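Heads up, the thing below is written out as structure tokens.
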């Protein structure tokens, strides 16, 4: 493992441990860490944009299943950042810093219906680290242990859960 990979891995472990220690007591008792994958087109909003901003409001999601996944995300959950379309690959790791709240970019229903909220939500994410080596879609598909990954089974879904073992394997593949 390269020196840079060791530093990134140590930062990830430290960040995960720090989240566990400093999370409010009640969250530590009742919330186990969940893992997710979010997709973005690198030309529209890539990892480099995310790093420059330092924090992102994950808005504009208009698929019901993806919306439900956003609603399920909790403070401290770990998120794989995936570049779609051109050179599809997992390129980085982020964390949920703000749980779901109404999407400000979503219009409410027409006034004639009482202007109810749209139901679309956002979460806020912060980058943790870039992977040393992006984990391409081809590598993911070639790995038998990732055969049931939602990314492969539901390729059009933009926000999806990832099992802990899948998450750890993808991180390991990104450090090789």
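Suppose we filter region 37-48 for residues that are out of contact with any helix residue (DSSP H, G or I) (no Cβ under 7 Å at 6 or more places or on another chain) and either touching a residue at least 24 places away in the same chain (Cβ under 8 Å) or not in a helix (DSSP H, G or I) (or both); how many remain? Of the residues in region 37-48, 8 are out of contact with any helix residue (DSSP H, G or I) (no Cβ under 7 Å at 6 or more places or on another chain) and either touching a residue at least 24 places away in the same chain (Cβ under 8 Å) or not in a helix (DSSP H, G or I) (or both). Evaluating residue 104 against the criteria (1) in contact with a strand residue (DSSP E or B) (Cβ under 8 Å, 6 or more places away or on another chain); (2) modelled with pLDDT under 95; (3) not in a loop (DSSP other than H, G, I, E, B) leaves one unmet condition, (3). Selection over region 49-83 of residues that are in contact with a helix residue (DSSP H, G or I) (Cβ under 8 Å, 6 or more places away or on another chain), under 24 Å from residue 139 (Cβ atoms) and in contact (Cβ under 8 Å) with a residue 60 or more places away in the chain gives a count of 3.
For region 122-165, a tally of residues being within 13 Å of the chain's Cα centre (by Cα), over 19 Å from residue 44 (Cα atoms) and assigned to a loop (DSSP other than H, G, I, E, B) returns 1. Among the residues making up region 52-70, those that are under 14 Å from the mean Cα position of the chain (by Cα) and either more than 21 Å from residue 103 (Cβ to Cβ) or surrounded by 14 or more Cβ atoms within 10 Å (Cβ to Cβ) (or both) are 56, 57, 58, 59, 61, 66, 67, 69, 70.
Among the residues of region 71-88, write down those that are more than 11 Å from the chain's Cα centre (by Cα) and farther than 24 Å from residue 119 by Cα. Within region 71-88, 83, 84, 85, 86, 87, 88 meet the criteria. In this entry, residue 40 passes the filter for residues that are under 11 Å from the mean Cα position of the chain (by Cα) and farther than 19 Å from residue 166 by Cα.
The values are calculated or read from the model by the stated rules, or taken from the named source; none is laboratory data. All figures in this text were calculated on a predicted structure; none of them were measured in a lab. All Cβ positions, even for glycine, are placed from backbone atoms using ideal geometry, and neighbour counts span all protein chains on display.
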